[in-house]
Amino acid sequence: MRKSVLGLSAVLLSTFAAAPAFAQDEPAPAVTVTANAAVVSDYRFRGISQTDKRFALQGGITITHESGFYVSTWGSSVDDYVAAGSDQELDLIAGFSKTVGAATFDVGVLYYYYPGSGGANTDFVEPYASIKGTFGPATAKLTANYAPKSKALSVGGGKEDNLYVAGDLAATLPDTPVGFTAHLAHSFGPSYLTIGKGYTDWNVGATYTWNHLTFGVSYVDTNKDAFSPSGRNISKAGVVGSITAAF
């Protein structure tokens, strides 16, 4: 989170000098706000490129209450084949997170909105639940996302639903800014999200954090073939780079 440092005047210095040395720290705020902005060489959603294997601009903001409730929004540029001509994806999220011992439970609902899709039925809702555990410098997470049946997910008329189950591992090298990630997941089809039958996606990556910036590189792959209108195989293995700024 971005912090500002203000110079102290002589008046303030004299005031602090007169203050008791045992003054307590201010309590943590009831509401916290975090934000991020990123540039990625390819926006891969569950292993499949949403930008025809080209760059994307992304950003988000999250407001969290001390009770564990939070609301968030996140957006990315996308190619027009993703949602009937729309060139943006906007995710609206509301959820609740609670840590019990070494485990963190998180439940919520995510709404995918594609502005500029010309009135086409492209938007859908996806509830999710996850459990995360920390073991020393490593974190393991299991997530399930389920999108109920809707016309937006249909590949041939009617309504379809989609289930996505994922496992993630993350670890940092002690006393260094270097981190490592691994991801394995399966999308159960058929639906528009799987472009036909279900498939598996995976990736491994590394990150380096400096000040408010995180530099990332990952190898992403799936076990399916999906092609964009330009003829590119958007589910083929590839290396994705990213630069993320946290505020």
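The values are calculated or read from the model by the stated rules, or taken from the named source; none is laboratory data. Here the structure is a predicted model, which means the values were calculated and not measured. FYI the Cβ positions are ideal-geometry reconstructions off the backbone, even for glycines, and counts take in every protein chain you see.
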LEU163 passes all but one of the listed conditions (1) touching a Gly at 6+ places or on another chain (Cβ under 7 Å); (2) among the aliphatic types (A, V, I, L, M); (3) part of a strand (DSSP E or B); the exception is number (1)
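Scan the stretch 97-123 for residues that are among the polar types (S, T, N, Q) and in a strand (DSSP E or B) and jot them down. Outline the logic, then answer.
Taking the stretch 97-123 and keeping what is among the polar types (S, T, N, Q), we get 97, 99, 104, 117, 121-122.
Within the stretch 97-123, SER97, THR99, THR104 qualify.
Within the stretch 170-185, restricting attention to residues that are of a type in the set (Ser, Thr, Tyr) and surrounded by 15 or more Cβ atoms within 10 Å (Cβ to Cβ), which residue is modelled with the lowest pLDDT? Before you say what the answer is, go through the steps one by one.
Step one: of the stretch 170-185, the residues of a type in the set (Ser, Thr, Tyr) are 172, 176, 181.
Filter once more, keeping what is surrounded by 15 or more Cβ atoms within 10 Å (Cβ to Cβ): 172, 181.
Details: THR172: 95, THR181: 98.
The residue in question is THR172.
Taking the options VAL107, VAL78, VAL82, name whichever one is out of contact with any helix residue (DSSP H, G or I) (no Cβ under 8 Å at 6 or more places or on another chain) and over 30 Å from ILE234 (Cα atoms). Steps first, answer last, please.
Values: VAL78 fails: over 30 Å from ILE234 (Cα atoms); VAL82 fails: over 30 Å from ILE234 (Cα atoms).
So the residue among VAL107, VAL78, VAL82 that is out of contact with any helix residue (DSSP H, G or I) (no Cβ under 8 Å at 6 or more places or on another chain) and over 30 Å from ILE234 (Cα atoms) is VAL107.
Within the stretch 154-167, restricting attention to residues that are over 21 Å from the mean Cα position of the chain (by Cα) and under 19 Å from TYR199 (Cβ atoms), which residue is surrounded by the fewest Cβ atoms within 10 Å (Cβ to Cβ)? Explain how you work it out, then say what you get.
Initial filter on the stretch 154-167 (over 21 Å from the mean Cα position of the chain (by Cα)): 154-161.
Among the residues that remain, those that are also under 19 Å from TYR199 (Cβ atoms) are: 154-156, 160-161.
On the way: SER154: 16, VAL155: 14, GLY156: 8, GLU160: 21, ASP161: 17.
Per the criteria, the residue is GLY156.
Quick one: is THR222 more than 28 Å from TYR146 (Cα to Cα), surrounded by 18 or more Cβ atoms within 10 Å (Cβ to Cβ) and either modelled with pLDDT of 95 or more or touching a His at 6+ places or on another chain (Cβ under 8 Å) (or both)?
Working: more than 28 Å from TYR146 (Cα to Cα): no; surrounded by 18 or more Cβ atoms within 10 Å (Cβ to Cβ): yes; either modelled with pLDDT of 95 or more or touching a His at 6+ places or on another chain (Cβ under 8 Å) (or both): yes.
Answer is no for this residue.
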Selection over the stretch 213-247 where residues are in contact (Cβ under 8 Å) with a residue 40 or more places away in the chain, among the hydroxyl-bearing types (Ser, Thr, Tyr) and under 30 Å from THR32 (Cα atoms) yields a count of 2
Quiz item: Yes or no: ALA94 farther than 29 Å from ASN223 by Cβ, in a strand (DSSP E or B), aliphatic (A, V, I, L, M) and out of contact with any Lys or Arg (no Cβ under 7 Å at 6 or more places or on another chain)?
Solution: yes
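Among the residues of the stretch 28-73, write down those that are aromatic (Phe, Trp, Tyr), surrounded by fewer than 17 Cβ atoms within 10 Å (Cβ to Cβ) and within 26 Å of LYS224 (Cβ to Cβ). Please lay out each step first, then the result.
We begin by selecting, within the stretch 28-73, every residue aromatic (Phe, Trp, Tyr); these are 43, 45, 55, 69-70.
Imposing the further condition that a residue be surrounded by fewer than 17 Cβ atoms within 10 Å (Cβ to Cβ) reduces the set to 45, 55, 69.
Across the stretch 28-73, the qualifying residues are PHE45, PHE55.
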With criteria (1) of a type outside the set (Lys, Arg); (2) closer than 23 Å to PRO148 by Cα; (3) in contact (Cβ under 8 Å) with a residue 24 or more places away in the chain, GLY198 comes up short on (3)
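So, THR122, is that one over 15 Å from the mean Cα position of the chain (by Cα), β-branched (Val, Ile, Thr), over 21 Å from LEU169 (Cα atoms) and modelled with pLDDT under 95 or not?
Working: over 15 Å from the mean Cα position of the chain (by Cα): yes; β-branched (Val, Ile, Thr): yes; over 21 Å from LEU169 (Cα atoms): yes; modelled with pLDDT under 95: yes.
When the stated conditions are applied, THR122 passes them.
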